[in-house]
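*Asks:* First the structure, then my questions, so here it is.
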Amino acid sequence: MSLALLELSLRVAVLATLLDLPIALAAGWFVVRSRLPGRFIVDVLISLPLAVPPVAIGFGLLLLLGRDGPIGAAVHGVLGADLVFTWVAAAIASAVVSFPLMARAAMVAMAGVDERLEMSARSLGAGPWRVALTITLPLAYRGILAGVLLGFVRALSEFGATITVAGNIEGKTQTLPLAIYSKVQLRDDAAAIELVAVSIVLAIATLAVHNWLLRRAERGN
Amino acid sequence: MSKQRDRVLRFRVAKGYPGFALECEATFESGVTAVFGATGSGKTTLLNCIAGLTRPDEGSIELLGDTVYSSTARVNKPPEKRRLGYVFQDSALFPHMNVRDNITYGYKLTPVESPKADLDQLVELFVLSDLMDRGVRALSGGERQRVALARALAASPRMLLLDEPLASLDVSFRGAIIRYLKRVWRELHVPMVYVSHSISEVLALAEDVLVLGGGRAVMQGWPSQALVNPRVTAIADYATLENLLDAEVVAPANADGLVALEVGTVTLTAPDVSTEVGESLTVSVPAGDIILALEVPSRISAQNIVPGTVSEVHTLETRVLVYVDIGTEVVVEITRGALRDLEIREGLQLYLVIKSTSIVALEGPTG
């Protein structure tokens, strides 16, 4: 297996995670802490990618990101380049699919922060942003970080949405799962097993850190 | 505490929940005002409305002439703009900060145009200098509540809102916190709203009490009046009516293990306390444990016989509460029969008979 394949897979998963994090924090905060209407709808939308077939998500993204789609057209207008069938499209697909895992973990972590601490901070003169940055996030960060790792490991293993919107272009959009698929198609079992082994090692390492963080978070609270 | 009492807070709030509605209107003057009521009477909801943590359905809240909420004028200042110090029952200290960072959290956010609190004074008042660099997880209940009070006061609030600050404390810490709260008013002149379901605490701390029942104001007035209002007695728990008195240790334990305490102008003997001579503490004397006598009883086992003058007599259903001035006011519970036989009335000179073992120090070694 080539280092370039590993590098591309990690690059896609890292970008997916970075795209997800701010949205997951904002959406999670909206559902568990804001008093605004629409929380129920947002809560359902957060989990939607878990329940929809990844290939359907990929198809939806293809429509949105394609040159005729609203986002794809805008990007083409500004940069003169297409999004679909690039590694960025692969990252976006991975981001959508892994989003619920990260957002749900962030929600659990933020809901676990004693609301009276936030109320105390408010009455001591801190506005909502300051409370989020000095109280909620520091107390919830282990749980949030665990969610980030869970999202990362899910992004690393994304297949259905990615192949639909980014294709399976070796050296360009072919991540580990897509490479495994290609090797299996080619009946190159030895190469496929090697890639599967790499995937499992990556997954175990990430999940171990994830579980350790969650244990620390539970003890911390 | 006979300071000029200015109007501090005026409010009219209505807030409905499924199965419960708060509808209440009152004016609080400076000093310590208690909000008394049973669990579920709406005390905390009222406090949260005042603090800006809960938005009323309608009404108005005016703090020192500043309208912080008004449904008609569409004003609803967020809690951080109201400058009210809120102290929760369980302290709600920030667990990821040490004592110092907890106390300076609000201090650093004091608006430039507001007077800054005197941190050194607060550290001294609440005896925190040895705790400043400690994490808050390792603090005792009493220490936590002292830090919470200092943290709220460090933000130089216009008023302190205290939600049952003694309810989750061990008996050994309650006395100290009561003394600290009295000093907050005496030395810092910060008015307080003290929410409690203990009539004894209300008697010990407040000059004015608003009694809530089922989300509505039942009465407002002197705590001693509240104690005998039939609508209050229906919700108050008199089984635990006790005098919470300021005392100072004036002589160490004698050979019998009894110390001398000065309470008001009289000296009482009490079981040994873990407090040094010259230090003050709060003691509890249950109202039902005090005997009234018209003359000095002889050959009696009780160690304390104290002269006093009856200042008020209140009769409610089967029980009688007699307030006796012994240099400080003490409430005594007697039966109707005793009231008849002794012909107790206002102005009568008599003696209080108190067993030493009925005087309980509400402070432990670490207060």
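*Asks:* Leaving out same-chain residues fewer than 8 places away, which aspartates and glutamates sit with a Cα under 18 Å from that of B:LYS81?
*Replies:* Result set, ordered by chain and number: A:GLU118, B:GLU62, B:ASP66, B:GLU113.
*Asks:* Moving to a separate point now. At 1.4 Å probe size, with no ligands or nucleic acids counted, give the accessible surface of B:HIS96 in Å², nearest ten.
*Replies:* Solvent-accessible area, nearest 10 Å²: 70 Å².
*Asks:* With +1 on each Lys and Arg Cβ and -1 on each Asp and Glu Cβ, how big is the dipole of the stretch B:7-235 about its Cα centre, in debye rounded to the nearest 20?
*Replies:* 260 debye
*Asks:* Ok, one more. What nm distance separates the two modelled labels at B:VAL171 and A:ASN211, each placed 7 Å from Cα along Cα→Cβ?
*Replies:* Taking the two extended label points, one gets 4.8 nm.
*Asks:* So for A:ASP188, B:ASP170, what's the accessible-area order with a 1.4 Å probe, most first?
*Replies:* B:ASP170, A:ASP188
*Asks:* Next up: Does anyone have the angle between helix A:87-111 and the longest principal axis of chain A? Alpha-carbon axes, 0 to 90°, nearest 10?
*Replies:* Rounded to the nearest ten degrees, it is 30.
*Asks:* Would you check the accessible area of A:LEU137, probe 1.4 Å, heavy atoms only, in square angstrom rounded to 10?
*Replies:* Here the accessible area works out near 50 Å².
*Asks:* List the aspartates and glutamates whose Cα lies under 20 Å from the Cα of B:LYS355, skipping any in the same chain that are fewer than 8 positions away.
*Replies:* Reachable aspartates and glutamates: B:GLU242, B:ASP246, B:GLU248, B:ASP256, B:GLU262, B:ASP272, B:ASP289, B:GLU295, B:ASP325, B:GLU329, B:GLU333, B:GLU363.
*Asks:* Right, another one. I'd like the FRET efficiency for A:ILE169 and B:GLU113, computed as 1/(1 + (r/R0)^6) with the beta carbon distance as r and R0 of 60 Å, rounded to 0.05. Don't skip to the end; give the middle numbers.
*Replies:* Values: r = 63 Å, r/R0 = 1.05.
Once rounded, the FRET efficiency stands at 0.45.
*Asks:* Just grab the label-to-label distance for A:GLN185 and A:VAL44, each label 7 Å out from Cα along the Cβ direction, in nm (one decimal).
*Replies:* Each label point lies 7 Å from its Cα, and together they span 3.7 nm.
*Asks:* If you don't mind, another one. How high is the relative contact order of chain B, in percent, with contacts defined as C-alpha pairs under 8 Å that are six or more residues apart?
*Replies:* After rounding, I find 16 percent.
*Asks:* Please report the net charge: other residues with Cβ closer than 15 Å to the Cβ of A:SER9, K and R +1, D and E -1.
*Replies:* 0
*Asks:* Considering chain A as a Gaussian network with a 10 Å cut-off on Cα pairs, which listed residue, A:ARG104, A:ARG39, A:ARG122, attains the greatest mean-square fluctuation?
*Replies:* A:ARG122
*Asks:* Give the shape of chain B as rounded, prolate or oblate, defined through the alpha-carbon gyration tensor: a ≥ b ≥ c are the square roots of its eigenvalues, a/c under 1.5 means rounded, and otherwise the shape is prolate if a/b is larger than b/c and oblate if not.
*Replies:* Numbers: a/c = 2.34, a/b = 1.36, b/c = 1.72.
Note, shape of chain B comes out oblate.
*Asks:* Then there is this: Give me the distance in nm between label points sitting 7 Å out from Cα along the Cα-to-Cβ direction at A:ALA203 and B:ARG137, one decimal.
*Replies:* 3.4 nm
*Asks:* Considering chain B as a Gaussian network with a 10 Å cut-off on Cα pairs, which listed residue, B:GLY85, B:GLY31, B:GLY327, attains the greatest mean-square fluctuation?
*Replies:* B:GLY327
*Asks:* For the stretch B:127-163, which trypsin sites (Lys or Arg not before Pro) are in a loop by DSSP, counting at most 16 other Cβ atoms within 10 Å? Please report the intermediate quantities before stating the final value.
*Replies:* On the way: sites: B:ARG134, B:ARG137, B:ARG144, B:ARG146, B:ARG151, B:ARG158; in loops: B:ARG134, B:ARG137, B:ARG158.
Passing both the DSSP loop test and the Cβ count: B:ARG134, B:ARG137.
*Asks:* Report, in deg cm²/dmol and to the nearest 500, the calculated mean residue ellipticity at 222 nm for the protein assembly as shown, where each DSSP H run with n ≥ 4 adds -39500 (n - 2.57) and the sum is divided by the residue count.
*Replies:* So the calculated ellipticity at 222 nm is -13000 deg cm²/dmol.
*Asks:* Go ahead and set up a Gaussian network model of chain B, Cα springs under 10 Å, then flag whichever of B:GLY337, B:GLY214, B:GLY264 fluctuates most.
*Replies:* With Cα springs under 10 Å in chain B, the top fluctuation among B:GLY337, B:GLY214, B:GLY264 is at B:GLY337.
*Asks:* Keeping every protein chain in place, order A:PHE59, A:PHE152 by accessible area at 1.4 Å, biggest value first, i.e. largest first.
*Replies:* A:PHE59, A:PHE152
*Asks:* Also, I was wondering about something else. Nearest 10 degrees, 0 to 90: what angle lies between the long axis of helix A:70-79 and the longest principal axis of chain A (Cα atoms)?
*Replies:* The angle comes out at about 80 degrees.
The values are calculated or read from the model by the stated rules, or taken from the named source; none is laboratory data. Since we're looking at a predicted model, the values are computed, not measured. With ideal geometry, Cβ positions are generated from the backbone for all residues, glycine too; neighbour counts draw on all protein chains shown. Ligands, DNA and RNA are stripped out before the accessible areas are found, and what is left, the full protein with its side chains, is counted by its heavy atoms. Shrake-Rupley method; radii C 1.70, N 1.55, O 1.52, S 1.80 Å.
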